[in-house]
Amino acid sequence: MNSLFSQVQLGRYTLSNRMVMAPMTRSRSDDAGVPSELVAIYYAQRASAGLIISEGVFPVALGKGYVRTPGIETAEQVASWKNVTDAVHARGGRIFMQLMHCGRVSHPSLLPQGAQPQAPSPIKAAGQTYTATGLQDFVTPHALSISEIAEVIEGYRQSARRAIEAGFDGIELHAASGYLPEQFLSTGSNQRDDQYGGSVENRTRFVLEVLAAMVSEVGSDRVGIKISPEMNFNDIVDANPQETYTYLVKQLRDLKLAYLHVALFGAQFDYHAALRPLFDGRYLIGSGQTKHSAESLIAEGKADAAVFGSTFLANPDLPERFRANVELNVPDKDTFYAPGAEGYIDYPAMSQGV
């Protein structure tokens, strides 16, 4: 019987435990998308995780969706991330970079030359995004042409290569939360009538082509994907999500990815029961996990690892705290996206007092 503290093989790596730090936007980069010096400290503090998945990183400048978020397109960004991965590896940790192209969930003020956000179809999302001047309404996006889709996929491929150059152990494709990959997957945001729209086969094409490009660059055993069926974040809606995600996961088999990361937020359908048997790699479960729930899922074979978000944010030494059964720090939501060290690198470890 596997436990939360047992080793697990994930792609080409043997993880020291089955506790994964979730990707979480923290907004500690500069306007050029370069992570600050605090970022290396933050991730190194949490290196006892079996695996760290970084915050969402825009693969190209047109993929940026929020103020002070990081990129992986320029030499300066790569160099700064190298400091982060070196710090994590020095403490024996493993870290994957999550690639996050926000698509229509952005604003011209965040994009080069005030460009319109990109999307599969010119359908404006309801809601707002965080910009340098505060919250701004989403705008009607630019519908990508076939040639522009090819450019976006090439951007993902090159960013995967740059992530490895920056020292990351692998890459996760963010295909959830209403960002560009999920915009292609979902009928509410994708109303194309070409090979990227309409049928479920066509709507999944973009995600599968992005994954194939990343795999061709860095190897399938260093690539994972995150999905979150029926999360409905950022005004994303699909007419038949069970069909969409069942079909998508079936197609992932041939890619032989390192893992599938599934986070559920209120879905009534049991996607875990439906999707886990369809996937050959490691299955990671996120969203609201506790020590008890994670132990149960892993012991029962329902997951290979558990993903912890704000719990890891507030407890840099979470595996040690779980092992010792001590009280956990409480996350401060007011500092989740605030610049600076407060609420970022100042959560105490057990050695500093519980």
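The values are calculated or read from the model by the stated rules, or taken from the named source; none is laboratory data. Since the model is a prediction, treat every value here as computed from it, not as a measurement. With ideal geometry, Cβ positions are generated from the backbone for all residues, glycine too; neighbour counts draw on all protein chains shown. Calculation scope for accessible area: heavy atoms of the full protein, side chains included, ligands and nucleic acids excluded. Shrake-Rupley method; radii C 1.70, N 1.55, O 1.52, S 1.80 Å.
Examine region 149-167 for a residue that is closer than 28 Å to residue 75 by Cα, of a type in the set (S, T, N, Q) and open to solvent by less than 10 Å² (accessible area, probe 1.4 Å), and state whether such a residue exists.
Of region 149-167, the ones closer than 28 Å to residue 75 by Cα are 149-167.
From what is left, the residues that are of a type in the set (S, T, N, Q) are 158-159.
So of that shortlist, the ones also open to solvent by less than 10 Å² (accessible area, probe 1.4 Å) come out as 159.
Scanning region 149-167, I find at least one residue that is closer than 28 Å to residue 75 by Cα, of a type in the set (S, T, N, Q) and open to solvent by less than 10 Å² (accessible area, probe 1.4 Å), so the answer is yes.
Would you please list the contacts, defined by Cβ atoms under 7 Å and residues six or more apart or on different chains, that run from a residue in region 35-51 that is within 24 Å of residue 11 (Cβ to Cβ) to a residue that is of a type in the set (Lys, Arg) and surrounded by fewer than 20 Cβ atoms within 10 Å (Cβ to Cβ)?
Filtered contacts from region 35-51: 44/91; 47/91.
Spot the failing condition for residue 140; the list is (1) touching a Pro at 6+ places or on another chain (Cβ under 7 Å); (2) crowded, with 17+ Cβ neighbours inside 10 Å, and only one is missed.
Here residue 140 clears every test but (2).
Pairs please, first residue from region 193-221 and in contact (Cβ under 8 Å) with a residue 12 or more places away in the chain and within 16 Å of residue 162 (Cα to Cα), second anywhere and small (Gly, Ala, Ser) and not in a loop (DSSP other than H, G, I, E, B), Cβ atoms under 7 Å, 6+ apart in sequence or on different chains.
Once the first residue is in contact (Cβ under 8 Å) with a residue 12 or more places away in the chain and within 16 Å of residue 162 (Cα to Cα) and sits in region 193-221, its partners that are small (Gly, Ala, Ser) and not in a loop (DSSP other than H, G, I, E, B) give 214/160; 217/160; 218/160.
Please indicate, with yes or no, whether at least one residue in region 304-319 is free of Cβ contacts under 8 Å to residues at least 40 places away in the same chain, in contact with a helix residue (DSSP H, G or I) (Cβ under 7 Å, 6 or more places away or on another chain) and not in a strand (DSSP E or B).
Initially, region 304-319 is screened for residues free of Cβ contacts under 8 Å to residues at least 40 places away in the same chain, giving 311, 314-315.
Those still in the list that are in contact with a helix residue (DSSP H, G or I) (Cβ under 7 Å, 6 or more places away or on another chain) too: 311, 315.
Then keep just the ones that are not in a strand (DSSP E or B); that gives 311, 315.
Yes: one or more hits.
Please count how many residues of region 318-354 are surrounded by fewer than 13 Cβ atoms within 10 Å (Cβ to Cβ) and small (Gly, Ala, Ser).
4
How many residues are buried (at least 24 other Cβ atoms within 10 Å of the Cβ) and part of a loop (DSSP other than H, G, I, E, B) when one looks only at region 180-193? Talk me through it step by step, then tell me what you get.
Residues of region 180-193 buried (at least 24 other Cβ atoms within 10 Å of the Cβ): 180-185, 189.
Those still in the list that are part of a loop (DSSP other than H, G, I, E, B) too: 189.
Within region 180-193, residues that are buried (at least 24 other Cβ atoms within 10 Å of the Cβ) and part of a loop (DSSP other than H, G, I, E, B) number 1.
With region 1-110 as the region, which strands (runs of 3 or more DSSP E) entirely inside it contain at least 3 residues that are open to solvent by less than 30 Å² (accessible area, probe 1.4 Å) and closer than 30 Å to residue 137 by Cα?
Values: elements: 8-10, 13-15, 19-21, 51-57, 95-99.
Those strands (runs of 3 or more DSSP E) span 51-57, 95-99.
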